[in-house]
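The values are calculated or read from the model by the stated rules, or taken from the named source; none is laboratory data. These numbers come from a predicted model, not from an experiment. No Cβ is skipped: glycine too gets one built from the backbone with ideal geometry, and neighbour counts run over all protein chains shown.
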């Protein structure tokens with residue numbers, strides 16, 4: 001049964017009425033709309049999670065040098081902090097770490113169930129509902145300031161609920177995109193498309209930073225309203241599957257086109273041979289050629305319909321959790337993403353605070369500088385995808401970037417505070433090397449494994465595989481900021497050593513796959529020489 005979104009139906013009626021002669025490539029237009037809408041959707045998801053990392057710099061800060069409002073005793077050590085985060089530095093760091101973990105652990109646990117639900121639910125409704133509810137809970141964090149809420153339990157529960165609804169994002173968008181995009185150049189396509197993560201982080205940081213020192217409630221409310229608006233757009237316009245609007249599946253279309261071209265050439269050659277074999281240019285020969293060309297067109301049309309009708313329409317059944325885990329590479333990439341995402345999300349949640357403590361910058365400038373890590377993430381995602389496409393060695397690509405990330409973390413921690421210029425350069429490089437493997441595993445690798453040959457074309461496995469990989473990674477994302485909250489009491493050196501060890505473990509977990517890729521590469525080179 002087709003599920004044409006109401007907004008698409010409306011646009012179809014408008015164009016049919018106002019521009020009846022307008023002709024366009026349906027496949028290209030719908031695919032472009034899906035890329036844009038899913039990009040926008042996940043940008044909104046990340047945009048709405050980022051403000052907490054910016055706002056935590058004013059929930060607990062150094063009150064020295066700040067002017068208290070009327071009626072507040074300036075001699076009170078933590079007068080500028082927001083209860084319940086007004087205790088000692090150690091206590092506040094632990095509470096803020098628990099707040100991050102409330103979101104991330106809820107996200108990680110719910111992610112496994114989210115992939116299961118996504119395969120059995122209309123993805124348009126699934127994404128729209130998730131975005132609207134995520135926006136509501138983001139606004140609720142801002143309401144804590146408006147209504148003077150100081151209960152830690154409130155912050156904790158709202159963060160946990162937000163984490164649950166945020167899990168609708170990744171399995172949903174990756175499954176929809178997998179329906180529309182074939183395997184050709186998947187690494188580059190997903191690398192560029194995956195920049196939504198960094199763009200969302202950047203926009204979330206900038207929006208939150210604009211209000212953090214004046215009214216931090218707006219740092220949560222505006223991102224919340226943005227993702228709610230995005231959810232409405234998804235409900236109105238997202239086309240989940242090509243079959244919903246009468247388009248062919250990407251790989252079917254590519255294969256069908258290949259066969260049609262061969263068939264076209266063979267028929268056209270027959271006509272050409274027929275025309276040249278007569279040796280004359282009489283009217284009879286010309287008429288024969290015209291009739292022959294008409295026959296070519298008729299048979300081509302028949303062939304197109306036969307190719308479409310010959311595609312088997314067997315019902316696809318969702319794959320189970322254990323079945324998805326048995327797909328070669330799923331376990332290795334999932335565990336590697338655990339440690340890779342641990343590093344990335346520790347930066348995501350603690351970088352503004354680290355920049356503020358390691359430099360003389362205030363909360364706003366620290367948040368602005370931290371976006372450069374995400375700028376590096378955009379470059380890293382595209383670079384990792386391009387290298388993976390060129391070499392067809394995704395595990396090796398990840399290992400190469402992780403190997404270089406380890407010394408760069410050490411260099412940034414020891415030399416980043418020397419000057420702003422050096423901090424900027426090093427932060428971008430760290431962003432490239434840390435986020436490159438994370439982006440590649442969660443996009444192109446997940447999509448490849450979700451359409452693995454062992455699944456015999458069952459596209460419904462994609463959401464489950466994406467959820468398993470990203471869910472495992474999200475546990476690491478939850479553990480990282482929580483550990484950083486406890487480890488930071490021993491100094492920032494200890495936090496960075498934790499991140500370096502995590503990258504080493506992420507690298508080691510992929511070595512078996514790297515060995516297989518190198519062997520496969522050598523084998524293909526030998527075959528190429530023989531041929």
Within the range 27-57, can you find the residues that are over 23 Å from residue 128 (Cα atoms), surrounded by fewer than 19 Cβ atoms within 10 Å (Cβ to Cβ) and in contact with a helix residue (DSSP H, G or I) (Cβ under 7 Å, 6 or more places away or on another chain)?
27
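Over 25 Å from residue 164 (Cβ atoms), out of contact with any strand residue (DSSP E or B) (no Cβ under 9 Å at 6 or more places or on another chain) and in a helix (DSSP H, G or I): which single residue out of 43, 28 fits that description?
Details: 43 fails: over 25 Å from residue 164 (Cβ atoms).
Checking each option against the conditions leaves just 28.
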May I ask you to list pairs of residues, at least six apart or on different chains, whose Cβ atoms are under 6 Å apart, with the first in the range 214-226 being within 12 Å of residue 55 (Cβ to Cβ) and the second being not in a helix (DSSP H, G or I)?
219/212
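Could you tell me whether residue 52 is free of Cβ contacts under 8 Å to residues at least 60 places away in the same chain, in the same structural domain as residue 238 (by TED's automatic domain parsing) and under 30 Å from residue 375 (Cβ atoms)? Give the derivation first.
Working: free of Cβ contacts under 8 Å to residues at least 60 places away in the same chain: no; in the same structural domain as residue 238 (by TED's automatic domain parsing): yes; under 30 Å from residue 375 (Cβ atoms): yes.
Taking the combined requirement at face value, the residue does not satisfy it.
Only residues that are without any contact (Cβ under 8 Å) to a residue 24 or more places away in the chain and farther than 30 Å from residue 469 by Cβ: list them for the range 413-447, please.
Looking only at the range 413-447, we keep the residues that are without any contact (Cβ under 8 Å) to a residue 24 or more places away in the chain, and these are 414-415, 418-419, 421-422, 425-426.
Of everything in the range 413-447, those that are without any contact (Cβ under 8 Å) to a residue 24 or more places away in the chain and farther than 30 Å from residue 469 by Cβ turn out to be 414, 415, 418, 419, 421, 422, 425.
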Enumerate the helices (runs of 4 or more DSSP H) found wholly within the range 185-260, keeping only those where 1 or more residues are under 30 Å from residue 60 (Cβ atoms) and at pLDDT below 85.
195-211
How many residues, within the range 487-519, are without any contact (Cβ under 8 Å) to a residue 60 or more places away in the chain, loosely packed, with under 14 Cβ neighbours inside 10 Å and either touching a strand residue (DSSP E or B) at 6+ places or on another chain (Cβ under 8 Å) or more than 26 Å from residue 96 (Cα to Cα) (or both)?
2
